[in-house]
Amino acid sequence: MAAPGQAERLRATYHRHDGVTQMLAALDLAIGKLFHRTRPRKRWKEFLAFLKVLRTRGTDEKLYVICDNYSPRRNTDVRPWCAGNQIELVCPPTYGSWLKWIEAGSAALRYFALSGTDHRGHTEQDSVINAHIRWHNTRAKPQTGFATDSPIRTWTPYPAKAA
């Protein structure tokens, strides 16, 4: 309990006795919804399992997954599976976070669900994250306006937007 006129203090988190949780997330631009999984670790096995979930959600169209410099994408089991399942792992340039639409969603998640909070455990934190993503997905709209006149379009083989 804080003294009168004093702000409540959050517990220090110098030590993570229960470890940290890792989140893999994807933004489907066609519908604007976020998909995610939280796991205790974020290795190639968890990444491949997440890709398999994403593959079952969509159609048979090619799926583009933007990975940054995430090392499990280079695993010798991940790459062949992606090639055989119409998934292309795309790596934007270093310092190219502005190219990724999901950055806005993750910033909103941090701001609205995590900043200034004091979760007592992973279960409580996961429920807050899940609630925020459910809130986002109920208001999701297709992400349109893929910069059809951008010079970046000339560097990539993306099909032209239908009029």
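The values are calculated or read from the model by the stated rules, or taken from the named source; none is laboratory data. Quick caveat: nothing in here was measured; it's all calculated off a predicted structure. Here the Cβ is made from the backbone with ideal geometry for all residues, glycine too, and neighbour counts use every protein chain on show. The area values use the complete protein model at the heavy-atom level, side chains included, leaving out ligands, DNA and RNA. Shrake-Rupley method; radii C 1.70, N 1.55, O 1.52, S 1.80 Å.
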Hey, can you tell me all the residues within region 122-140 that are acidic (D, E) and free of Cβ contacts under 8 Å to residues at least 40 places away in the same chain? E124
Spot the failing condition for S106; the list is (1) within 24 Å of A30 (Cβ to Cβ); (2) at pLDDT 80 or above; (3) open to solvent by less than 50 Å² (accessible area, probe 1.4 Å), and only one is missed. (2)
Inspect region 54-61 for any residue being assigned to a helix (DSSP H, G or I), among the polar types (S, T, N, Q) and surrounded by 12 or more Cβ atoms within 10 Å (Cβ to Cβ) and give the result as yes or no. no
Just to verify a result, which residue in region 79-99, among those that are out of contact with any helix residue (DSSP H, G or I) (no Cβ under 9 Å at 6 or more places or on another chain) and at pLDDT below 75, is surrounded by the most Cβ atoms within 10 Å (Cβ to Cβ)? G96
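Among the residues of region 31-51, which ones are closer than 20 Å to T21 by Cβ and either exposed (fewer than 15 other Cβ atoms within 10 Å of the Cβ) or of a type in the set (G, A, S) (or both)? Step through it out loud before you land on a result.
Initial filter on region 31-51 (closer than 20 Å to T21 by Cβ): 34-51.
Correct list: P40, R41, R43, K45, A49.
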